[in-house]
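Worksheet for the structure shown next.
The values are calculated or read from the model by the stated rules, or taken from the named source; none is laboratory data. Just so it is clear, the model here is predicted, and its values are computed rather than measured. Don't worry about glycine lacking a Cβ; one is built from the backbone with ideal geometry, like all the others, and counts go over all protein chains shown. Each accessible area value is taken on the protein alone, full model and side chains, heavy atoms only, with ligands, DNA and RNA left out. Shrake-Rupley method; radii C 1.70, N 1.55, O 1.52, S 1.80 Å.
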Amino acid sequence: SNLDNIFKENEDLRKLASKNDERLLELAEENKVLLDEIDVLLKQQAAFKPDTSNHRGEVVAMVASTNNYMAATSGVDKSVRLWQIDPKAEKHKDQVLPVYRAQMEGIALSLAYTKDGSYLVAGCAYRNGPEGLLII
């Protein structure tokens, strides 16, 4: 009868919806794994490495540490650079020397040192889209 057909169709739809729900959960888990892997790669890329070169392009942000004669800059080249300040050097360009560089996924628009100067935080654009990252 018509009622039996409707009941069977309803049951088929329920089974199909259940399969789709299971697949969505699988995809969400796969997506989480991929996002975690991307996060690890971004953090590895953002690790500071010895480098004595200057920025390529404009400097966007700068901050000086309060206690260890270091400064940090970020630029449109998507790098954050650490600079050693020699307070005993003569007042000329060699008083501030580049020592480390970290390459970011996007431009670091803001920089800040923690109060004790032991950590640097960079507020970065993520693929220059609407979301951002804080890299510590």
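Which residues, counting only those in the range 52-75, are open to solvent by less than 60 Å² (accessible area, probe 1.4 Å), closer than 19 Å to GLY106 by Cβ and in a loop (DSSP other than H, G, I, E, B)?
HIS55, GLY57
With the checklist (1) under 15 Å from ALA125 (Cα atoms); (2) open to solvent by 60 Å² or more (accessible area, probe 1.4 Å); (3) in a strand (DSSP E or B); (4) not basic (Lys, Arg) in hand, flag the one item ASP39 doesn't pass.
Here ASP39 meets the rest and fails (3).
For the subset of the range 76-107 comprising residues that are over 19 Å from PRO50 (Cα atoms) and touching a strand residue (DSSP E or B) at 6+ places or on another chain (Cβ under 7 Å), which member is least open to solvent (accessible area, probe 1.4 Å)?
Among residues in the range 76-107 that are over 19 Å from PRO50 (Cα atoms) and touching a strand residue (DSSP E or B) at 6+ places or on another chain (Cβ under 7 Å), the one least open to solvent (accessible area, probe 1.4 Å) is GLY106.
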